[in-house]
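> Questions regarding the structure given below will be posed in turn.
The values are calculated or read from the model by the stated rules, or taken from the named source; none is laboratory data. Treat the numbers as computed from the prediction; the structure is a model and nothing was measured. Cβ atoms come from the backbone with ideal geometry, glycine included; neighbour counts cover every protein chain shown. Quick note on the areas: whole protein, heavy atoms, side chains included, nothing else; ligands and nucleic acids left out. Shrake-Rupley method; radii C 1.70, N 1.55, O 1.52, S 1.80 Å.
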Amino acid sequence: MHYPEPISKLIDSFMKLPGIGPKTASRLAFFVLTMEEDTVLTFAKSLVDAKRDLSYCSVCGHITDVDPCHICQDPQRDHTTICVVQDTKDVIAMEKMRDYHGLYHVLQGAISPMDGIGPEDINVPTLIKRLQSTEVEELILATNPTIEGEATAMYISRLVKPSGIKTTRIAHGLPVGGDLEYADEVTLSKAIEGRREL
C-alpha cells in the first residue's frame with residue numbers, strides 16, 4: 001500500500017517504538033490525523049520536553065528533572081539502605097508498593113558478556129564510589145531474575161563483601177525471566193520481605 005509521504009514517515013516513527021508493528025503503527029498514525037491540531041502539538045511538545053528536560057541523577061542514576069533527584073534529596077528516606085536495580089522503570093515499580101523507604105542505585109543495564117556488556121559499561125563504578133563515601137549498612141540487590149541479572153548481582157556482592165556492608169538479594173517471588181516493572185505490588189513486597197544475604 002502506498003501512503004502519502006507524511007503518513008509513511010509517521011508510521012515509520014511509530015514502528016521505532018518497542019512492541020509496535022506495522023499494523024499498530026498504521027492505526028496510530030491514522031488516529032493522529034483525527035486529533036485536534038492543538039492536541040497533536042501538545043503531544044509532540046511532551047515528547048520533545050521529555051527528551052530535553054530529563055537527565056539522570058548524578059547520585060543514583062534515576063531519571064529526573066532535578067539533580068539530585070527527589071528520592072536522593074528526601075530527608076525522610078533511610079539513607080543507610082540502597083536498593084540496586086537495573087532500570088529506572090524498576091524504581092517506579094518499587095515505589096508503587098510503598099513498602100521500601102531507602103535509597104536506590106540504577107545500573108542502567110546488566111552485565112552480559114554475550115552482548116559485550118561488562119561492569120564498566122553499566123553504573124557499577126559509581127555505586128562502588130558511592131558506597132565508599134556514605135554510611136550504607138545494607139545493599140539490596142534487586143536486579144531482574146534473569147541470567148544477566150543474577151550475574152550482575154553476584155558480581156556486585158563479591159565486590160562489596162570485603163567492605164562489611166550487609167548485602168542481600170530480593171527473594172524469588174518474581175518469575176524467573178521476568179522484569180520488575182511488570183510485577184504487581186504484592187509480589188514485589190513479598191520479594192523484598194524475603195530477601196536473603198549473599
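> Restricting attention to the alpha-carbon atoms of segment 145-186, what are Rg (one decimal) and Dmax (integer), both in Å?
12.1, 34
> Principal axes first, then extents: for the Cα atoms of segment 1-44, list largest minus smallest coordinate on each axis, whole Å, largest first.
If we take the Cα atoms of segment 1-44, the spans are 27, 24, 13 Å.
> Spin-label point model (7 Å from Cα, Cβ direction): what's the Ile7 to Leu159 distance in nm?
If labels sit at Ile7 and Leu159, their model points lie 5.1 nm apart.
> Once you have all Cα-Cα distances for segment 77-145, histogram them in 5 Å bins from zero and send the whole-percent values.
4, 16, 26, 25, 17, 9, 3, 1
> Relative contact order for the chain: what is it in percent, counting Cα pairs under 8 Å that are at least 6 residues apart?
For the chain, the relative contact order is 15 percent.
> Another one. Where the only charges are on Cβ atoms (+1 Lys, Arg; -1 Asp, Glu), what is the dipole of segment 1-154 about its Cα centre, to the nearest 20 debye?
440 debye
> Can you run phi through the Karplus equation (6.51, -1.76, 1.60; θ = phi - 60°) for segment 73-89 and list ³J(HN,Hα) in whole Hz, with x for Gly and Pro?
With coefficients 6.51, -1.76 and 1.60, one gets 7, 6, x, 7, 6, 7, 7, 9, 10, 10, 9, 8, 10, 7, 9, 4, 5 Hz.
> Of all DSSP beta bridges located in segment 1-128, what percent are antiparallel, nearest 5?
About 40 percent, rounded to the nearest 5.
> When only alpha-carbon atoms count, how far does segment 124-198 stretch along each of its three principal axes, as whole angstroms with the largest first?
34, 23, 18 Å, listed from the longest principal axis down.
> Starting from the Cα of Lys96, draw a straight line to each of the aspartates and glutamates and keep only those under 19 Å, dropping any in the same chain fewer than 8 residues away.
Cross-link targets: Asp74, Asp78, Asp87, Asp179, Glu181, Asp184, Glu185, Glu193.
> Specify whether the C-alpha gyration tensor of segment 37-125 places it in the rounded, prolate or oblate class, a ≥ b ≥ c being the square roots of the eigenvalues: rounded for a/c under 1.5, otherwise prolate if a/b is larger than b/c and oblate if not.
Oblate shape, in that a/c is at least 1.5 and b/c is the bigger or equal ratio.
> May I pose another question? More than 32 Å apart: what percent of Cα pairs in the chain qualify?
That tail contains 29 percent of the Cα-Cα pairs.
> Another one. So how exposed is Met154, as accessible area in Å² (1.4 Å probe, rounded to 10)?
80 Å²
> Which is the longest part of the chain that has none of the trypsin sites (Lys or Arg not before Pro) sitting in a DSSP loop with at most 13 other Cβ atoms within 10 Å?
Maximal segment without exposed cleavage sites: 99-198.
> At 1.4 Å probe size, with the rest of the protein present, what percent of the exposed accessible area of the chain is carbon and sulfur atoms?
About 58 percent, which is the carbon plus sulfur part of the accessible surface.
> For segment 20-69, just say rounded, prolate or oblate: build the C-alpha gyration tensor, square-root its eigenvalues into a ≥ b ≥ c, call rounded for a/c under 1.5, and beyond that prolate if a/b exceeds b/c, oblate if not.
The shape class here is oblate.
> If you take every residue apart from Leu10 with its C-beta less than 13 Å away from the C-beta of Leu10, what net charge results, scoring Lys and Arg +1 and Asp and Glu -1?
That works out to +1.
> List every residue whose amide H lies under 5 Å from the amide H of Leu141, counting only residues 5 or more places away in sequence or on a different chain, with H placed 1.01 Å from N in the peptide plane.
The list, which skips near neighbours in sequence, is Val84, Thr168, Arg169, Ile170.
> Another question, if that's okay. Would you list, by chain and number, the aspartates and glutamates whose Cα falls below 19 Å from the Cα of Lys23, excluding same-chain residues fewer than 8 positions away?
Filter leaves Glu5, Asp12.
> Could you do me a favour and compute the accessible area per residue for segment 30-91, 1.4 Å probe, result in Å²?
Normalised by residue count, the accessible surface of segment 30-91 is 65 Å².
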